[in-house]
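The values are calculated or read from the model by the stated rules, or taken from the named source; none is laboratory data. Small disclaimer: the values here were computed from a predicted structure and weren't measured. Cβ sites come from the backbone with ideal geometry, for glycine too, and all protein chains shown count toward neighbours. Side chains included, ligands, DNA and RNA excluded: accessible areas come from the protein's heavy atoms. Shrake-Rupley method; radii C 1.70, N 1.55, O 1.52, S 1.80 Å.
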Amino acid sequence: MQNYSRTDFAQVGTTNRGCMRVIPSDKEKEHDLIVVGGQNGSLICLSRKSNDTTIIFKTQPGYPVQSLALGGPASSKKKDKIFVASQNTVRGVNRKGKTFFSMETNMAEVANRMFVRGLDVVLTGRKSYSRYHDTVDSNSYLCTEDIHDVVSLVFEEAWGSREYTSILACGNSTLQIIEGNNFAYDVRLDSVPFTVSLFMGDGGHTKLLVLYGTKTGRLGLVSVPQGGGKILWEIDTTSGACVTTIVCFNVTGGQFPDIIVGKEDGLIEIYVIDETDHAHLFGTFSCDESITGISCGHVSSKSEIDIIICTFTGWLFSLAKTSRPMIENLPVAANFSVKMQQLRSEVEELQTKVNEERLRYEEITKRQGSGTGSTFFHSFQVHENFEYSAAHGAYNLTIELVIPIDFVVVQSQLPIRLMEVEKNASVVSEVRQDALNPWPLLASYRCQANVCRLELRVQANEGDSGVINLYVCPKVMPKCAQITTHYIKALSSHMRSHDFDLYRPMNTLQFTGNFSIAEAHAWLHNLLPNVPSKCPPADTITNNYQCSVNGGTQLQVVYSKGSAVFRSDCMTTICIIRDKVSEQTMKMQIRVEVACELNQDSVNHCLKLIDPKITSMLNIEKNKLYAAALKELESNNDDVFSFLSAANAKILKDHDAIYEKSEGVSIEDSGVLAILENLMVARGKLTGRSSKGRGDAIRDLISTDYSLENMQTLFKNAMND
Amino acid sequence: MDGDRTPEEQIEIAESDQGPQLDDNVELANVFSYSLDQRIMEGCVISAILEPRGLETIVAVSVTNKIIIKDKETSLNITETIRCIAAAPFGDGYDCIIIGTDSSVICYDVHNNLTVFRNDVPDGVSCFVYGKLGELDEAIYCGGNCCIWGFDKTGANTYWTVTGDQVTTMCLSDYDNDGETELVIGSPDFEIRVFKNDLMRTELMETDEITCLAHVANGCFAYSLNNGTIGTYVLKERQWRIKSKSNVSKIFNFEEEGLMVVVWKQGKVDLRFAHNGEVLSRDSVSSHVASASVSKKGDESFITVVCLDGKVKGFKIQRAQNGSIDKTQQLIREFGQKKHNLMMELSNYEQEEQLADVEKDRDFRIPVDTEVAVVFVVNTELQLLSLRVEASHNIPIRGVLIFAEGLFEGESYIWIPPNEYQSRSVIDIPLVIDKDSTNDLHTKVFLGQVDSNKLMVMENTRILPKFCRFTLLREEYSKFFYMPTAYIQFDINSRAAKLSEWVQESFTIDASLVEMFDEPEGEFKFMGLRPKHEKSLMFKISHSEKTCKIYHDKIETMGAIVQSYASFYQIQNMESVAHFPDVFKEADEILEEIDPMTEVRDRLTAELQERQAAVKEIIIRAEDSIAIDNIPDARKFYIRLKANDAAARQAAQLRWNNQERCVKSLRRLNKIIENCSRLRVGEPGRQIVVSCRSAIADDNKQIITKILQYGASV
């Protein structure tokens, strides 16, 4: 956003999501305050005057602050009471820092997310949902999926027959609507919702509208009346990073409150709303840290709205229009010099202290003598995220520290490809497998100055599974490193889905034997991403999945005690499952019978599913050649459009767009060749025939004479070898 | 977008240099944008004044091999494949366009619409630079396959010299600050060469292919490499160096302000201080850059960036408008970050005090006096040099990371144990090195117990000696010594009385053994290590006769040894007698076949011209037949045309093959001369080149091997 500028207020400690708010002032002449809770349990209240930040109060450290909300009596229009959730306790703090209220809940989990309205406090843990009305435990619900966020409807005057209603953002790509103690219904989404917020701050004109943001960077609006919900719209945001924060506040001066979105990759996006409740992108701002909190108010100026941003590493800054009067924004020269000198003195003093501590540590260690003392280890927290992105067909792996990263070493047990991430400025160096190193991939990322956050993109083929270790080394003395571990499952591109098309040609794989449902669940946990480690309490479990890289094949799993049935229209998937589960059963000495029922039509079906992707890439390449030739023709003829056909004229007009689209499109890099070869190999394995791949023939066919029929013929002929 | 900033690159500054107090309140500003509406060839953009009293305009080459001039409707069609273009003020108050193709240099006067000259350049031109070199008049200098040509405004050849590899980039700069410019060239073999007039004066070894060179100031030039490095050399020493993940397209100098502008291929544009590389301002263009150019309009300079898709964006350097606010915020943020880092470290120290011993044990700590030794070790049986990493107290090594430029395929090598539970406290990492060059190994060793995910990191820096591929031979391994047949002999300079000092620095050798090199007489044998495991080295020292003989069969390595020896002892002039029978035989063979190859080339050229003439004649006859409606004859002529065209193509292919062999031989001969020159130091080395060229020019070829063997002074 060209007309917004960043002003840094303070750096507090690391923060969790949803732990920063702007408190409205209680007097007309005073500015609003900022309150932020840290992972060290400390609550800090700040004010901003004359371009300087002042601490109003700061509480003692304790358990990490998980969530922070503002509330107030229903009779008052001001919401200036601070509610803080730590562990299983909720405290109420007033604007002077005094605790006026404390409630210890009976939750068995840490209260991660909180919603406060009037006398109601809503808390969610990883699985549990609780509502407390005037400190009395009023509603509870146990969810089988991870709960990422919660919000409640504000409809006090006319609840009618509807009980207190909350919306949960759940890990199985649904928004679950809880009325009272009961699950009312769910709204199915295409990706996992991570953040929910009331539209316009109160649910919009119907009071039933809820905004949601997903892990894959989508933003949507859903209406949740009694009886059944409906998605009104859903849009892509400007990047595929997780939406961590959604706030509604009027910052553009429009007719309705704006939507301000904060994301995992540091992007802040502002959307304006039209009369039909649709959102339109107004602008974006980018910082280099994960966003954990956004709030708005008159913090620096009574005449202009500040957007206050809080990041994971604890930076607090505001975004404000640069067009505001300079007198308010420009520091007076003398004040600025004094402030700079203060900062410089503080840094120098701290440096002296640190140097003294270093020397003292060296003295102590020398005195302890040989073998008795142990080294000093700087503990540091690695904030990490490992999430599959269907848009890229790869895993996004981000790590973030509060101190600068010196270098990171990547070690992978399985063959992976490290893809280019544009915003990364690190120098990458990959090491090939050799006699000393059995690892398929080792790589070093040497970070540049003051980089606290690193983003990698990791692509793996389905069927490969294993551990990826990251050795993270910050710029700190003495030098130390921390290992973080991530696991890629064999069916790494399969995502949960709600629907299963029964009319596709299906292959069935069944395991029967002496095993419990928990053991069967463990097999799935090792096979598929995002399967909870604990088995849900049920006699029979059915889950549906869809693969995102091979054209959208399906997988359905039905398992219970002594039986596990896998059905898929893709033989590669069935083959991988058979190999992996057999591996597990042999390791655990479980006797199982394996029955496999194959449908040869599924091969043609899979080829048909992936055909649009291949055809699209080939068409892009062909159009690029046409565009280049037509451009040459145009440069030699003044009136070229008079004799070109309509199709060719369109290609020429779209010349630049075609070239832009073809950037990065490559048959070799898309993984298509591996998918086709793996399908042929899997069919060979499952039918007991030769499992030799025909990679060269597949590649030749695609590069010379591709069509769906020709590919099907190639597969049919290979069957007879 | 505001705030969309790439973090500063890591800067290596050779020395603390207090540059001039420059105004840092400047920034890049976007001042114009338009599109050429063509896809542009990479590297082919210039700015030129094409008419008397005209304005500078952009000239570029499209991917369809046409020269595009902004604001002109027509474009120039060049039949030969264009590789590069330049502007030279050869017109009367305006520029001509200089075009480098696969086989020629063309000077085209756009104003008069005529070709001023066209000169054949075998193997074509890869880069141009225009200006004054030393005492010579202004000329356009053309970098070719292994030659550099200079042409004046009439097309006369005023300069010619040879170099060891293809010339990919050039600049004219006063390298040694003596008031005269030198020609600085860059090559794919990682070398920057400096020519004073037509003699190579200096070679600077870098870590990757040279991609861009630019004059910065007297005594200073800037360079960029294929691995993303940029930096400057000042008076023969590297001043600063920065590595990025992107590659450079162009570097421009603004000498009066002490600034430089770096245009990166992926679209970034940086404004930097020339003396330390610090970034003052940053902007970008939306897609990949083809090239960029600087032009002047009045007193103002503009940087014009042209993208591969034909879009053009212009920048200028101006006083920052919002700079004070942004700089203030940036400074506050940096202080805040630094304060935060220090407080984190301090709080960690405080936490450490409060930890009980039980908690420390849970952390899998290692003993405080643990040390890591990083030494070079020779496995004599395998003829292999390794880096041995050994931790005391039997602490497991959980990983080793080595950063070294130009030594590994990337910039680092990583070792992590195959099985975490088979950990060990000592590991040998083989080093198979294919170049003789000094290298810094920055080793980081991860130490920790097998179950711990917290590791200590020990850092260590070792200098890899230049000739680490040789190790002193011990008697029991004499089977690995292969007596070399080639040698050089030179007089021992009085400065080099103590040979041990140089041997200690340049070879991997025990300190206890190095004293033997100072004995009055001696033979010292070295065995080669992989990949030189069948190449041996021997020194024969005789202080009574004041001679030194070095035996080794690879002339390139011998040259490196001689240059290293002379540089160490600061010897300015040194003669030697060389005995490399295989090399001299090869030179003789090349010299013998040059004349026949030239004759064959002339004959093939004549044959090709004859065939081309026949093709043209048949085309005319065929078209005449069509014009007079004599279709049967037309068909007959077109059939004959097909056969003649095939014959002409075959003749062209034959000529090209012969030309390829000819150039390959000439390049090899030049390489041999250069290698023999490096067996001498200073003026004797330069005289080798001068004398060999004179001998070739005078058709006095039989003397060349004598010059290579005994030097030019006999």
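At-a-glance table
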{"quantity": "Per-residue HN-Hα couplings for the stretch B:480-497 [Karplus 6.51, -1.76, 1.60; θ = phi - 60°; Hz; x = Gly/Pro]", "calculated": "8, 9, 10, 4, x, 9, 9, 7, 10, 9, 9, 7, 6, 6, 5, 5, 9, 5"}
{"quantity": "Whole-Å semi-axes of the stretch B:198-307's equivalent ellipsoid (Cα gyration tensor)", "calculated": "22, 17, 13"}
{"quantity": "Stokes-Einstein diffusion coefficient of the stretch B:412-489, Kirkwood radius over Cα pairs, 10 °C, 1.306 mPa s, in µm²/s", "calculated": "96 µm²/s"}
{"quantity": "Sum of -39500 (n - 2.57) over DSSP H runs of 4+, divided by residues of chain A (222 nm, nearest 500)", "calculated": "-7000 deg cm²/dmol"}
{"quantity": "From phi via Karplus (6.51, -1.76, 1.60), per-residue ³J(HN,Hα) for the stretch B:144-159 in Hz, x at Gly/Pro", "calculated": "x, 5, 8, 10, 10, 10, x, 10, 8, 5, 8, x, 6, 7, 9, 7"}
{"quantity": "Where only alpha carbons of the stretch B:372-464 are counted, the Rg and the Dmax (Å)", "calculated": "13.4, 41"}
{"quantity": "Translational diffusion of chain A, µm² s⁻¹ [Kirkwood Rh, Cα pairs; Stokes-Einstein; 10 °C; 1.306 mPa s]", "calculated": "55 µm²/s"}
{"quantity": "Debye intensity ratio I(q)/I(0), log10, the stretch B:258-304, q values 0.31 Å⁻¹ (C-alpha model)", "calculated": "-1.12"}
{"quantity": "Average beta-carbon neighbours from other chains, 10 Å sphere, peptide A:439-452", "calculated": "5"}
{"quantity": "Sequence of A:M20, A:M477, A:M506 from largest to smallest accessible area, 1.4 Å probe", "calculated": "A:M477, A:M506, A:M20"}
{"quantity": "Sites A:E663 and A:L281, calculated FRET efficiency, Cβ-Cβ separation with R0 25 Å, nearest 0.05", "calculated": "0.65"}
{"quantity": "Fraction of accessible area attributable to carbon and sulfur, the protein assembly as shown (%, probe 1.4 Å)", "calculated": "48 percent"}
{"quantity": "Relative contact order (%) - criterion: Cα under 8 Å, at least six apart; region: chain B", "calculated": "8 percent"}
{"quantity": "Debye-sum result for the stretch B:632-690 in log10 I(q)/I(0), which assumes one identical scatterer on each alpha carbon, at q = 0.14, 0.20 Å⁻¹", "calculated": "-0.60, -0.78"}
{"quantity": "Alpha-carbon radius of gyration plus Dmax, which is the widest Cα pair, for the stretch B:581-710 in Å", "calculated": "23.6, 76"}
{"quantity": "Debye equation applied to the C-alpha atoms of the stretch B:562-619, log10 I(q)/I(0) at 0.15, 0.18, 0.21, 0.28 Å⁻¹", "calculated": "-0.70, -0.80, -0.87, -1.03"}
{"quantity": "The stretch A:494-598: relative contact order as a whole-number percent, Cα under 8 Å and 6+ apart", "calculated": "40 percent"}
{"quantity": "Within-9-Å neighbourhood charge of A:I56 [Cβ basis; K, R +1; D, E -1]", "calculated": "+3"}
{"quantity": "Semi-axis lengths (Å, descending) of the ellipsoid that matches the C-alpha gyration tensor of the stretch B:139-239", "calculated": "21, 16, 11"}
{"quantity": "Calculated diffusion of the protein assembly as shown, Stokes-Einstein form, Kirkwood radius summed over Cα pairs, 20 °C and 1.002 mPa s, µm²/s", "calculated": "57 µm²/s"}
{"quantity": "Probe 1.4 Å - accessible area at A:R358, Å² to nearest ten", "calculated": "70 Å²"}
{"quantity": "Amide H within-cut-off set for B:T211, under 5 Å, with H built and near neighbours excluded", "calculated": "B:S224, B:L225, B:N226"}
{"quantity": "When the stretch A:494-598 is reduced to its Cα atoms, the Kirkwood hydrodynamic radius in Å", "calculated": "13.8 Å"}
{"quantity": "Placed amide H near A:A10: partners under 5 Å, 5+ positions off or other chain", "calculated": "A:L316"}
{"quantity": "Antiparallel bridges, percent of DSSP beta bridges restricted to the protein assembly as shown (to nearest 5)", "calculated": "100 percent"}
{"quantity": "Exposure rank, largest accessible area first [B:K535, B:K706, B:K313; 1.4 Å]", "calculated": "B:K706, B:K535, B:K313"}
{"quantity": "For the stretch A:4-322, radius of gyration divided by Kirkwood radius, i.e. Rg to Rh on alpha-carbons", "calculated": "0.93"}
{"quantity": "Computed accessible area, B:E300, all protein chains, 1.4 angstrom probe, square angstrom", "calculated": "80 Å²"}
{"quantity": "Ranking by accessible area, most exposed first, for B:T163, B:T81, A:T687 with a 1.4 Å probe", "calculated": "B:T81, A:T687, B:T163"}
{"quantity": "Taking the stretch A:4-322 and dividing mean pair separation by its residue count, relative contact order in percent (alpha carbons under 8 Å, at least six apart)", "calculated": "15 percent"}
{"quantity": "Alpha-carbon centroid distance for the pair the stretch A:110-151 / the stretch B:508-581, whole angstrom", "calculated": "81 Å"}
{"quantity": "Cα pair distances of chain B binned at 20 Å [whole percent]", "calculated": "14, 39, 34, 12, 2, 0"}
{"quantity": "Sum of side-chain charges, B:R388 neighbourhood, beta-carbon under 11 Å (Lys, Arg +1; Asp, Glu -1)", "calculated": "-1"}
{"quantity": "Heavy-atom accessible surface that B and A bury in contact, both chains counted, 1.4 Å, Å² to 100", "calculated": "7900 Å²"}
{"quantity": "Residues with amide H under 5 Å from that of A:R113, placed H, sequence gap 5 or more", "calculated": "A:T124"}
{"quantity": "Out-of-range pairs (alpha-carbon distance over 29 Å; input B:K245/B:K311; B:K265/B:K664; A:K96/B:K339)", "calculated": "B:K265/B:K664"}
{"quantity": "Table column - 3J(HN,Hα) (Hz), the stretch B:508-524, Karplus curve with 6.51, -1.76, 1.60, x for Gly and Pro", "calculated": "8, 8, 5, 4, 5, 9, 6, 5, 5, 6, 9, 5, x, 10, x, 10, 10"}
